[in-house]
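Participant: Let me give you the structure first, and then I'll get to my questions.
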């Protein structure tokens, strides 16, 4: 497992972290889910999930839009402010965003995904219309 130095010690990252990041950024066409600027980093909403009575790390099993989201550097700094982030006093793996912030990020992720879907469908409809008009005119 790879580690990175952070302010609160070593942070573990799964061997597939680069692929997870790429998949998350690609899913929003490399747009920040907060401000629609270019996404430069992928933000963890939390590092451990409660499964029954136990907390399990999510490393390597992050789901884009549910556990992580692509954001720009500016929004990433905002997401780690005291107003948005809960720091566990002893265990950095229990750090997390506030629940309201997590749901806001999840909702924004869906909006960005749906927005691109509707844009793609609109462009497809316009292309089909132009094609049929060309057939009628020929």
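Participant: Could you count how many residues in the stretch 84-114 are part of a loop (DSSP other than H, G, I, E, B) and modelled with pLDDT of 95 or more? Steps first, answer last, please.
Facilitator: First pass over the stretch 84-114, keeping only residues part of a loop (DSSP other than H, G, I, E, B): 84, 87-91, 95, 98.
Add one more test, that the residue is modelled with pLDDT of 95 or more, and what stays is none.
Result for the stretch 84-114: 0.
Participant: Taking the stated definitions as given, is residue 22 over 18 Å from residue 113 (Cα atoms) and either within 11 Å of the chain's Cα centre (by Cα) or touching a residue at least 12 places away in the same chain (Cβ under 8 Å) (or both)? First the steps, then the outcome.
Facilitator: Working: over 18 Å from residue 113 (Cα atoms): no; either within 11 Å of the chain's Cα centre (by Cα) or touching a residue at least 12 places away in the same chain (Cβ under 8 Å) (or both): yes.
Spelling it out, it is not the case that residue 22 is over 18 Å from residue 113 (Cα atoms) and either within 11 Å of the chain's Cα centre (by Cα) or touching a residue at least 12 places away in the same chain (Cβ under 8 Å) (or both).
Participant: Quick check, is residue 29 farther than 26 Å from residue 16 by Cβ, touching a helix residue (DSSP H, G or I) at 6+ places or on another chain (Cβ under 9 Å) and not in a helix (DSSP H, G or I)? Don't jump to the end; show me each part of the working.
Facilitator: Numbers: farther than 26 Å from residue 16 by Cβ: no; touching a helix residue (DSSP H, G or I) at 6+ places or on another chain (Cβ under 9 Å): yes; not in a helix (DSSP H, G or I): yes.
When the stated conditions are applied, residue 29 does not pass them.
Participant: Select, from 110, 105, the only residue that is under 16 Å from residue 27 (Cα atoms), surrounded by 14 or more Cβ atoms within 10 Å (Cβ to Cβ) and touching a residue at least 40 places away in the same chain (Cβ under 8 Å). Spell out the reasoning first.
Facilitator: Values: 110 fails: surrounded by 14 or more Cβ atoms within 10 Å (Cβ to Cβ).
On inspection, the qualifying residue turns out to be 105.
Participant: For the stretch 53-83, which residues satisfy the criterion of being modelled with pLDDT of 90 or more, assigned to a loop (DSSP other than H, G, I, E, B), in contact with a helix residue (DSSP H, G or I) (Cβ under 7 Å, 6 or more places away or on another chain) and buried (at least 16 other Cβ atoms within 10 Å of the Cβ)?
Facilitator: Pass one, the stretch 53-83, residues modelled with pLDDT of 90 or more: 63-83.
Filter once more, keeping what is assigned to a loop (DSSP other than H, G, I, E, B): 63, 65-67, 72, 80-83.
Filter once more, so that each one left must be in contact with a helix residue (DSSP H, G or I) (Cβ under 7 Å, 6 or more places away or on another chain): 65-66.
The answer is 65, and nothing else.
Participant: Same structure, new question: Would you be able to tell me the number of residues in the stretch 86-96 that are exposed (fewer than 15 other Cβ atoms within 10 Å of the Cβ) and within 10 Å of residue 46 (Cβ to Cβ)?
Facilitator: Matching residues across the stretch 86-96 total 2.
The values are calculated or read from the model by the stated rules, or taken from the named source; none is laboratory data. If you're wondering where the values come from, they're calculated on a predicted model, not measured in any experiment. Neighbour counts are summed over all protein chains in view; Cβ atoms, including those assigned to glycine, are modelled from backbone coordinates with ideal geometry.
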